[in-house]
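What follows is one structure encoded as structure tokens, with my remarks underneath.
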Amino acid sequence: MHLWKHAEKWGAPPSDTAVTLGEGGTPLVRSVRIGPALGLKNLWFKCEGSNPTGSYKDRFAASAISHLRNRGFRACLGTSSGNTGAALAAYCARAGMPCYLAIVEGAPEGKLRQMAAYGAKLFRIRNFGVSPSVSGEVMAGLGGLAAELKAGYEISAFTFSPLGMAGVQTLAFEVADTLGGGPLQVFSPAGAGGLTLAVARGFSAWGSAAHVHCVQPEGNDTIATPLREGSAKARAVQSKTQISGLQVGSVLDGDSVVAACRASGGPGYVVDDETVWAWQARMAREEGIFSEPAGAVALAGAAQALRRGEIAPDDPVVCLVTGSGFKDERSLIRMTGAEGTPLVDNFAAFSAAVRQGLG
């Protein structure tokens, strides 16, 4: 059980209440084409799509649901834009615990169907994930409803679920354990910032020197620009990005992310959606890494950092690839085109097409 290997470092619940599907221990893959093309000699991808439900949120859910079971809660309430919901739904199914999820309005259909497949009850809420006031109302209300019903509630942010988010620190443990304690340049995508904060805290707990860089879509710039400009506070915005999973305009963990990244020596980066989609396609076609759009945000930030001269060609650079490309069908259509796979009449037609393609 990879997540539980260093249980003493992240405050894991007792092993007899652990709810696990074999999460953690994900590949750390060295770049073979994009790194050399950019001029980065030591570019690595931490590929979280190999977790049981296809994203790093399984680290959160394994810890969160284990703690709920240990504390005797009878059900789980949660919020999600996609990956959190899928993870909570799966681990609740494993624990035999009912799961009810408040979903952001723009969540991709593929992620919703994955949640439903595990038996969770889903409800999309209008303007949730877009409007900071609506998002705040949902998150605040969830705690009161959970207390009334004697249920647990899990939101993937330290502000609401510190016990669950502690499990995400294991991602940093694995990177540090593989690459050693030397100075690393770690690029993390951020919506509300929970992943970035967990990784920064994880490297600190491990005793590893890592500069943690926060990368956000320009349509959800709550943390990155305040971090770069020297502010101590994140800011709420009306989220306009189309990058699923990063559509969180509320501050949540933002202030803590600003402090943690600044202490690590990592600045903030803002990238546009079109650039993210372009890197998503390149990761698939040049590295064989099938990522959701949010998982390409870190690479977009690393490329920008290199152009700015804020990382060096020889630096060990790690990009966090948060989840599988299967998570977002809309981005796949954008990448591959809306037309289906062509149907040819016979092998001769196939052979002719291959010969033409290879010249």
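Throughout, read-outs are computed from the coordinates displayed, never taken from laboratory work. All figures in this text were calculated on a predicted structure; none of them were measured in a lab. Here the Cβ is made from the backbone with ideal geometry for all residues, glycine too, and neighbour counts use every protein chain on show.
Residues whose amide H falls under 5 Å from that of His213, counting only those 5 or more places apart or on a different chain, are Val186, Phe187, Ser188, with hydrogens built in the peptide plane.
The lysines within cross-link reach of Lys5, meaning a Cα-to-Cα straight distance under 25 Å and a gap of 8 or more places when in the same chain, are Lys46, Lys57. Every Cα-Cα pair in region 82-133 was counted, and those over 13 Å apart are 52% of them. Here the Karplus curve 6.51 cos²θ - 1.76 cosθ + 1.60, taken at θ = phi - 60°, turns the phi angles of region 203-219 into couplings of 5, 5, 5, 6, x, 9, 7, 9, 8, 9, 9, 9, 10, 10, x, 5, x Hz, with x standing for Gly and Pro.
When the chain is treated as a GNM with alpha-carbon contacts under 10 Å, the residue of Pro132, Pro342, Pro183 showing the greatest mean-square fluctuation is Pro342. For Lys240, the aspartates and glutamates whose Cα falls under 16 Å of its own Cα, not counting residues fewer than eight places away in the same chain, are Glu105, Glu218, Asp221, Asp272, Asp273, Glu274.
Legend: calculated FRET efficiency, Glu286 to Glu148, from the Cβ-Cβ distance at R0 = 45 Å, rounded to 0.05, equals 0.30.
How charged is the neighbourhood of Phe60? Take every other residue with its Cβ under 12 Å from the Cβ of Phe60, and add Lys/Arg as +1 and Asp/Glu as -1. Write out the running numbers ahead of the final one.
Working: positive: Lys57, Arg59; negative: Glu23, Glu48, Asp58, Glu154.
Net charge in that neighbourhood comes out at -2.
Rank Ala147, Ala61, Ala305 by mean-square fluctuation in a GNM of the chain with C-alpha springs under 10 angstrom and give only the top-ranked residue. Taking springs between Cα atoms under 10 Å, the residue moving most is Ala147.
Per-residue ellipticity at 222 nm, computed for the chain from helices alone with -39500 (n - 2.57) per DSSP H run of at least four residues, works out to -12500 deg cm²/dmol. In the distance distribution for region 57-160, Cα-Cα pairs more than 19 Å apart total 36 percent.
According to the Kirkwood relation over distinct C-alpha pairs, the hydrodynamic radius of the chain is 20.5 Å.
A simple charge model with +1 on the Cβ of Lys and Arg, -1 on the Cβ of Asp and Glu and nothing else charged puts the dipole of the chain at about 360 debye relative to its Cα centre. The slack between Val344 and Ile125, meaning 0.36 nm per residue of separation minus the straight C-alpha distance, is 74.4 nm. Candidate cross-link partners of Lys9 among the aspartates and glutamates, defined by an alpha-carbon separation under 19 Å and a same-chain spacing of 8 or more, comprise Glu23, Asp58, Glu174, Asp177. Taking label positions 7 Å along the Cα-Cβ direction at both Arg307 and Lys233, the computed distance is 3.2 nm, reported to one decimal. Each residue of region 14-23 was assigned a 3J(HN,Hα) from its phi angle through the Karplus curve 6.51 cos²θ - 1.76 cosθ + 1.60 (θ = phi - 60°); the sequence is x, 4, 6, 10, 5, 10, 9, 10, x, 5 Hz, with glycine and proline shown as x.
Find how many whole Å separate the alpha carbon centroid of region 13-64 from the alpha carbon centroid of region 179-212. Centre-to-centre (Cα) distance: 13 Å. Note on Ala209 and Ser15: the model spin-label points, each 7 Å out from Cα along the C-beta direction, lie 3.5 nm apart. Stretched out straight at 0.36 nm per residue, the stretch from Glu274 to Val29 would grow longer than its current Cα-Cα span by 85.7 nm. The phi torsions of region 28-38, fed into the Karplus equation with coefficients 6.51, -1.76 and 1.60 and a -60° offset, translate into couplings of 10, 10, 7, 5, 10, 10, 5, x, x, 5, 7 Hz, rounded to whole numbers, with Gly and Pro shown as x. For region 79-121 versus region 309-358, the spacing of their alpha-carbon centroids is 27 Å.
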